[in-house]
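Novice: Pasting in a structure now, in structure tokens, and then I'll have a few things to ask.
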Amino acid sequence: MVDGVRRGLTVFERLFMFVLLLLASQAALAHAEQSPPIAERYCHQVTPIGAVAGPAWNCQGRPSGHEDRRLWLSAAPVAEELGMEGATLLVHQSRFQGLTVLFGYADGRIVRHAVRAGDYGSYWRVGGQVAFSAPQREAALTSVTLGVDRLADYQLLRTRLLPAGAAARDAALAASLIGGALTLLALSSAYNLLLARASRQRFVVWHAAWVASVLIWGLLWSQLALIAFPGLAGTTASRLCTLLATLAIAFAATCAATCPEAGTVPRWLQRLVLALGWGVAAVGVPLAFGPPIVIDLLGPVSSVLVLAVLAAVALLIGLAWRRGSREARSFFLAWAVPMVVLGATQLFDMGTSLFGGGPQIAVLFASAMQTVWISVATTLNLARFRAERDAARAAQAELRELAQRDPLTGLLNRRGFVERAEKALARLAKRDGAFALLLIDVDHFKAINDRFGHEAGDGVLQRLASRLDELAGAGFHAARLGGEEFALGATGLSHADLPELAERVRTCLGALSLADLIGESTRLSVSIGVAEAAPGSTFQSLYRRADEALYAAKNAGRNRVAHAPPMTPTRLGESRMKAA
């Protein structure tokens, strides 16, 4: 089973990498057909909130001083890029108080749209974007103007102007990709929570926390959460996304530092991974809820910490792999893609690639694939652990069973028989069934050994044991207690049936064919002592009574059955006092 688990893991690794490459190539082909962002051609000016744009536009450099004012951005679209089907302006969700969009046409007409934080109305789209439509008219579209109130950071403002058809296709593709990723995350989140509860392993718990944080982040960033909570639109959602993104990194780092493979690396490296991961989370709090200036001050610090976390986790997993950890390879492959994607977002500006989702959609999809991978890998590894545990338990049970068996006859030995008899007596104490003990002794067995040798004597014992085992059906336990003494424990047999059982055992054992061992002239006979247990009986008291009955059968001439008198309450009390 363990080999099957390993083969399954290898097949899944190859399938996982193939799916990643396929989706990456499809995304690249789709993105290659998109137009350059209109943001490259913006001119700007800053006015008080509520004021209209003046004639003085600055088309050089980057705007500043807009954090508590209104930032105006204006550009002239290129007609060849839009065609004749109308246009759509897509603005990526960011931290702003309000947004006004003006579309100017050659005939002087202005089409106006407006949204504000907490109320995007019907303008929001899946993929963290707000869409403003410039309808098709006979007059050409000559200008696109944005008025953004209290924009926290100009670098976080992402816009695209696309033909209406291309924007619709992008929105559909983004919705499909994001919906699939969030579905995988939701299923994996539920599965990991159940897995964490069942396995009780710390790294599984932290992985479940990571998946849950990425899922909530994805719902907020993609704006699907606005279906239930429309008031989160804009600044609130952006702040929560920042906080959740940094928490997710902390959870992921803790998952890596507490995984079973981490036990093979130096302790200081585990602590470093934890410190860096939670350092990112600590920086994330002021980044999420602090004033705009904090973004400029702590943004670079956060990027450095994220890269440091990625490097430390890669070193941890790499060392574990090098030191022979069997799971490190799977763990490395699972985390490689999201780590590379996250590192790329810190080093390169992805802009509005991937259908306008940019780095967020890349991280979301990579995280979804990672969590599926790690869930499958963890499940397969746990299955391997369980298979090894079951094999160990089976071996232990086999050894325990062998320890309770007589090596010569294969019947239960005294230890195994006493254990089963005591269980039967415990059930009897609860008024649940009956139990009787038959002690069986081979008559004149010493003479058989003296005359025919111990080898023949052992053969006799083995044949007698085989026949006794055949007589012991369901609810019966046959045992060799030592030497030529055997025992049969009968459970659930009524008092009236005991004499018949004992006589049948005596007759069947006496009729054994042993001519090949001791000749036809020597006949085998057994004496049997029978004692029936009463509620509250101990095995010692029951054995004593059966032994007394056995001696009575021998003293009466052997080859017969003797029954111990029933155990009365008075005798039971006396027996307990003797045992004490």
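Novice: Out of the residues in the range 494-523 that are touching a His at 6+ places or on another chain (Cβ under 9 Å) and buried (at least 17 other Cβ atoms within 10 Å of the Cβ), state the one that is farthest from residue 462 (Cα to Cα).
Specialist: 498
Novice: I've got another one for you. May I ask you to verify whether residue 173 is crowded, with 21+ Cβ neighbours inside 10 Å, closer than 17 Å to residue 128 by Cβ and either free of Cβ contacts under 8 Å to residues at least 24 places away in the same chain or not hydroxyl-bearing (Ser, Thr, Tyr) (or both)?
Specialist: Here the answer is no, as residue 173 does not meet what is asked.
Novice: How many of the residues making up the range 248-281 are part of a helix (DSSP H, G or I) and either under 18 Å from residue 294 (Cα atoms) or not hydrophobic (A, V, I, L, M, F, W, C) (or both)?
Specialist: Selection size over the range 248-281: 13.
Novice: Turning to a different aspect of this structure: What tally of residues in the range 96-116 results from selecting those that are buried (at least 22 other Cβ atoms within 10 Å of the Cβ) and within 28 Å of residue 225 (Cβ to Cβ)?
Specialist: 3
Novice: Evaluate the range 508-518: report whether one residue or more is at pLDDT 80 or above, touching a Phe, Trp or Tyr at 6+ places or on another chain (Cβ under 8 Å), of a type outside the set (Ser, Thr, Tyr) and over 20 Å from residue 426 (Cα atoms).
Specialist: yes
Novice: Report yes if some residue within the range 189-212 is over 16 Å from the mean Cα position of the chain (by Cα), at positive phi and not in a helix (DSSP H, G or I); otherwise report no.
Specialist: No, there is no match, as no residue in the range 189-212 is over 16 Å from the mean Cα position of the chain (by Cα), at positive phi and not in a helix (DSSP H, G or I).
Novice: Take residue 213 and tell me if it is buried (at least 19 other Cβ atoms within 10 Å of the Cβ) and within 22 Å of residue 122 (Cα to Cα).
Specialist: Criteria not met by residue 213.
Novice: Sticking with this one: Tell me which residues, restricted to the range 82-130, are part of a loop (DSSP other than H, G, I, E, B), under 20 Å from residue 171 (Cα atoms) and either of a type in the set (A, V, I, L, M, F, W, C) or without any contact (Cβ under 8 Å) to a residue 40 or more places away in the chain (or both).
Specialist: Residues satisfying the conditions are 84, 121, 122, 123, 126.
Novice: Now for a different question. Just checking, does the range 150-157 include any residue being outside the structural domain of residue 254 (by TED's automatic domain parsing) and in a strand (DSSP E or B)?
Specialist: Among the residues of the range 150-157, not one is outside the structural domain of residue 254 (by TED's automatic domain parsing) and in a strand (DSSP E or B), which makes the answer no.
Novice: Got at least one residue in the range 455-467 being in a loop (DSSP other than H, G, I, E, B) and within 51 Å of the chain's Cα centre (by Cα)?
Specialist: No, the range 455-467 contains no residue that is in a loop (DSSP other than H, G, I, E, B) and within 51 Å of the chain's Cα centre (by Cα).
The values are calculated or read from the model by the stated rules, or taken from the named source; none is laboratory data. Keep in mind that what you see is a predicted model, and the values were worked out from it rather than measured. FYI the Cβ positions are ideal-geometry reconstructions off the backbone, even for glycines, and counts take in every protein chain you see.
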